[in-house]
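Colleague: My questions all concern the structure below.
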Amino acid sequence: MASLIAAGFGNIAAHVVRIEKMITNARSFAQGLILGNPIAAEIEARGAPQPAAIMAALATALQREFGPDSGCTTMQAIVFAAQKP
């Protein structure tokens, strides 16, 4: 919130939004975890294996840990609303 205040915003509100999401395919879920956020750039910057190899390993680990495809996870986002005079 300090950045919003420093940028001149006021009337700031923050809300945590949670949803339960069905996971119907571990490979698609792994793809979202890796490519759906900045971690893919970190993987490449560190010279680690290609994201595809990491997604495959993650999908295998998810299936091993939680069973065959189909499950549920809680997803969460913090949403900010602000006004600039």
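The values are calculated or read from the model by the stated rules, or taken from the named source; none is laboratory data. Since the model is a prediction, treat every value here as computed from it, not as a measurement. A quick note on method: Cβ atoms are made from the backbone with ideal geometry, for glycine too, and the neighbour counts reach across all protein chains shown.
Colleague: Pick from GLU44, GLU20: which is among the acidic types (Asp, Glu), over 15 Å from the mean Cα position of the chain (by Cα) and over 30 Å from LYS84 (Cβ atoms)?
Modeller: From the options GLU44, GLU20, the qualifying one is GLU44.
To keep it simple, each residue is scored yes or no on (1) touching a residue at least 60 places away in the same chain (Cβ under 8 Å); (2) not assigned by TED's automatic domain parsing to the domain that holds ILE5.
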site: ILE19; (1), (2): no, no
site: ALA30; (1), (2): no, yes
site: ARG46; (1), (2): no, yes
site: ALA56; (1), (2): no, yes
site: THR60; (1), (2): no, yes
site: ALA81; (1), (2): yes, no
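Colleague: If you don't mind, there's one more thing I want to ask. Scan the stretch 29-75 residue by residue and report those that are more than 25 Å from ARG18 (Cβ to Cβ), among the polar types (S, T, N, Q) and outside any helix (DSSP H, G or I).
Modeller: GLN50
Colleague: Of all residues in the stretch 27-85 being under 30 Å from HIS15 (Cα atoms) and among the polar types (S, T, N, Q), which is surrounded by the most Cβ atoms within 10 Å (Cβ to Cβ)?
Modeller: Step by step, filter the stretch 27-85, then rank; the result is GLN31.
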